[in-house]
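Student: Pasting in a structure now, in structure tokens, and then I'll have a few things to ask.
Just so you know, all these numbers are worked out from the coordinates, no wet-lab data involved. What you are looking at is a predicted structure, and each value in this text was computed from that prediction instead of being measured.
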Amino acid sequence: MSTLDTGLTFIRNASQRVSRANGWMGNAFKSWMPTGLYARALLIMIVPMVILQTVVAFVFMERHWNTVTRRLSASVVRDIASLIDVYKFYPQDKERAQLRLVGQRLQLVVDFLPVGDMPQPGPKPFFSLLDQTLSSQIGRQIRRPFWIDTVGRSNLVEIRIQLDDAVMRVFAERSAAYASNSEIFIFWMLGTSSILLIVAVLFLRNQIRPILRLAEAAESFGKGREAPDFRPRGAREVRQAAQAFLEMKARVERSIEQRTAMLAGVSHDLRTILTRFKLELALIGDSPEVDGMRKDVDEMAGMLEAYLSFARGDSGEIAQPTDMAKALEELRSDAERNGHIATVTFHGLPVVTVKPASFKRCIANLVSNAARHAKTVAITGHRDHRYLTVTVDDDGPGIPANMREEVFKPFLRLDDARNQDEGGTGLGLAIARDIARSHGGDITLGDSPMGGLRAAVRVPV
């Protein structure tokens with residue numbers, strides 16, 4: 001392998017590792033991020049504000065507050081050094097009255113103590129900028145043993161300097177050596193930011209509410225329900241999206257109405273022809289040939305009704321609260337009247353908002369399909385805070401796993417499967433799935449614990 005190939009392999013491996021690292025970091029970042037638009041918008045507002053305030057506070061503390069405190073402390077220490085020079089070069093003032101007078105001019109309270117009144121240095125406060133700055137300035141300008149107390153009295157700072165024959169004690173005002181307006185600055189910065197953030201949160205909440213209402217209206221329409229109070233609100237872009245949704249909803253409803261009207265006309269015309277056939281057969285009289293023709297006409301009428309029912313769907317019916325436990329019990333009674341063994345179990349709150357006739361027909365198709373090929377049918381309903389799930393189990397022969405999606409195709413009839421019905425149209429499962437999807441749900445087929453097939457209908461509540 002040449003040097004060029006080695007280099008290309010190294011670069012390729014490095015790029016792959018970088019890509020994997022970027023993917024991992026991206027997934028980790030996505031897992032930490034909130035999923036809602038409201039939370040993300042708040043995060044977009046809060047994070048820059050916090051970063052900006054942190055930078056401003058750091059710059060203020062580092063440049064302004066520290067600098068001003070150092071200069072103030074240096075000025076106080078310079079005044080104390082001047083007093084020490086006066087004490088050193090004017091020893092004739094035994095009472096030190098002139099020295100105290102000069103201290104008053106400098107807004108310092110000066111006193112002298114015996115040599116032994118020098119306390120031992122104590123631990124320095126960890127966060128005291130004043131203590132650190134005064135210690136640094138005294139060590140730099142005076143260069144004598146000293147002791148300071150910056151926390152004993154709230155308004156005064158006590159400084160003791162070791163002289164040759166005495167201890168000079170000086171009381172200075174804290175404001176003269178310390179920039180005390182930093183807390184006020186931080187308080188105003190945090191206070192105004194909090195007020196602005198509250199106003200922004202309230203405003204953002206009003207902007208997000210129309211988007212939530214649009215999502216609720218779209219979800220209700222997907223479930224086959226109406227949203228009567230919905231109208232475009234909010235910002236221009238949100239209004240455009242809401243108006244587009246209303247126009248799409250109107251087009252879909254208009255298409256359904258046109259299809260229903262067309263099917264009603266076709267149904268009327270075909271039924272008229274079939275009725276005329278029946279009258280003509282009745283006038284002909286009885287014969288084996290006529291009986292066969294009557295049977296064909298009846299079969300044609302049943303097939304026509306099935307086709308029209310599949311094409312019509314559940315248009316026109318309004319969703320309303322329905323007692324599903326009672327509806328399932330009625331299906332059980334119908335199955336038992338037809339000579340089958342059926343049981344019903346329901347868990348949870350039974351009242352669910354669905355299109356009653358259409359949804360009952362969906363479950364009835366599954367029950368009749370199971371009863372056609374099995375002796376025992378078990379119907380189970382379960383409702384939680386999100387979904388209504390109805391399962392129909394039987395002990396029949398079942399459907400092969402590779403054909404469980406194929407049986408939902410319209411007009412498909414398997415030779416040896418459970419939806420084979422002599423004289424049937426192969427539309428039962430297709431109609432059932434169409435109704436379930438019109439409610440925002442679906443139907444799945446699987447293995448039943450009873451040994452046959454399980455048909456599960458799940459729709460959102």
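Student: Apply the Karplus parameterisation 6.51 cos²θ - 1.76 cosθ + 1.60, with θ equal to phi minus 60°, to every residue of the stretch 385-390 and state each ³J(HN,Hα) to the nearest whole Hz, in sequence, with x for glycine and proline.
Tutor: Listing the rounded values in order: 6, 10, 9, 9, 10, 10 Hz.
Student: Okay, next question. For the stretch 340-383, what does the relative contact order come out to in percent, with C-alpha contacts under 8 Å and a separation of six or more?
Tutor: Relative contact order here is 74 percent.
Student: Averaging sequence separations of C-alpha pairs under 8 Å and six or more residues apart, then dividing by the length of the stretch 156-289, give the relative contact order as a whole percent.
Tutor: Working: 50 pairs, mean separation 14.3, N = 134.
Relative contact order here is 11 percent.
Student: Now, a different point. Can you check what the Kirkwood hydrodynamic radius comes to for the stretch 324-396, Cα pairs only, in Å to one decimal? Before the final figure, lay out each step's value.
Tutor: On the way: mean 1/r = 0.0814 Å⁻¹.
Averaging 1/r across every pair of different Cα atoms and inverting gives 12.3 Å.
Student: For K360, which aspartates and glutamates qualify as cross-link partners when the Cα separation must be under 15 Å and same-chain residues fewer than eight apart are set aside?
Tutor: Answer for K360, where 15 Å is the Cα cut-off: D314, E317, D323, E329, E330, D334, D434, D442, listed by chain and number.
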